[in-house]
Amino acid sequence: MLSFLRASTPRTTTAHLNPITYDGGRASQHFHNPSAKYLVTDVLPATTPKHGRSFMNPPLHFHMYQTEDFEVVSGLGRWFIDGEPILVKPGESVHIPMGAFHRFENASEDGEDLVTSFRLDEQNFEKEERFFRNFFGYIEDAYKAGQQPSLFQLWLFLNSVDAPVVLPGLGEKSNFLARQASWLFMFIGGVVIGGWVLGYKATYPEYFVSEKDKAKTS
């Protein structure tokens, strides 16, 4: 393990917070009870000349084993599913098939936040919450420290939920070869280089504490 080669990023303890704010307080995530209809509610700020584009905007990616459903609570969202743009208004929903390439963004032209709730099928609530808390918590801390987030760390997080980012140049429409290439890149970059070589972890106690570990300390 060559952990001395990686940048040291101070981690802020946020595991106890719900909701959690990011991006200078402009964005947030609120995690719901496991029995609730949705896993989490996101607040995604609009892209503005002053603040730019929030890092909460997801890159083009796909879920290897899950479908995903979104509902817009307020604001206007634009989803891209296999290259097709779809505008979604408050009260409307959008379904992401398993394996479909997708991303979404705040489509507001007047600066209004996009508030969405979403869930994944066959949902492992704790695993998904662990991923989101670690993924965005790490990005937030990296930017606060004046660093660029490590792609190797991000790939390791993504590998934990089987959600590869689509490699540049492979297009926006899902196909077998593009999915396999993106998965292989994520596995080698995240698990082999990020985990085995550089010593990154898929979760950190500053960002997430499981219910089992909470019970041990109570």
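Could you quote the convex hull projected area for segment 35-155, Cα atoms only and averaged over all directions, in nm²?
8.1 nm²
If we sort 134-142, 72-80 on the protection proxy, mean other Cβ atoms within 10 Å, highest first, what's the order?
In descending order of packing, they fall as 134-142, 72-80.
If you find the alpha carbon centre of segment 1-53 and of segment 158-208, how far apart are they in angstrom?
The two parts, judged by their Cα centres, are 19 Å apart.
Starting from the Cα gyration tensor of segment 15-82, multiply each eigenvalue by 5, take the square root, and state the resulting semi-axes largest first in whole Å.
21, 19, 12
Enumerate by residue number the chymotrypsin sites (Phe, Trp or Tyr not before Pro) in segment 4-72 meeting two conditions: DSSP loop (anything except H, G, I, E, B), and at most 14 other Cβ atoms within 10 Å of the site's Cβ.
65
Looking only at 158, 39, 184, which one moves most when the chain is put into a Gaussian network model with springs between Cα atoms under 10 Å?
184
Provide the packing ranking of 167-174, 23-30, i.e. peptides ordered by the mean count of other C-beta atoms within 10 Å per residue, highest first.
23-30, 167-174
Could you list which residues have their amide H under 5 Å from that of residue 81, counting only those 5 or more apart in sequence or on another chain, with H placed in the peptide plane?
Result for residue 81 returns 86.
Need one number: convex hull volume per residue for the chain, Cα atoms only, in Å³.
Residue-normalised Cα hull volume stands at 132 Å³.
So what is the relative contact order of the chain, in percent, for Cα pairs below 8 Å that sit 6 or more residues apart?
Result for the chain is 25 percent.
Can you list the aspartates and glutamates whose alpha carbon sits under 13 Å from that of residue 212, skipping same-chain ones fewer than 8 residues off?
126
Would you calculate a helix-derived [θ] at 222 nm for the chain, using -39,500 (n - 2.57) for each DSSP H run of n ≥ 4 and dividing by the full residue count, to the nearest 500?
-6500 deg cm²/dmol
With the convex hull built on the Cα atoms of segment 99-173, state its orientation-averaged projected area in nm².
Its average projected convex-hull area is 7.0 nm².
In whole Hz, what ³J(HN,Hα) sequence does segment 75-91 give by Karplus (6.51, -1.76, 1.60; θ = phi - 60°), x for Gly and Pro?
x, 10, x, 10, 9, 10, 10, 6, x, 8, x, 9, 8, 10, 9, x, x
For segment 90-218, how big is the tail of P(r) above 24 Å, as a whole percent of Cα pairs?
Summing the P(r) of segment 90-218 above 24 Å gives 42 percent of all pairs.
Where a number appears in this text, it was derived from the coordinates with a stated rule and is not lab data. Small disclaimer: the values here were computed from a predicted structure and weren't measured. Please note: Cβ atoms are built from the backbone with ideal geometry, for glycine as well, and neighbour counts cover all protein chains shown.
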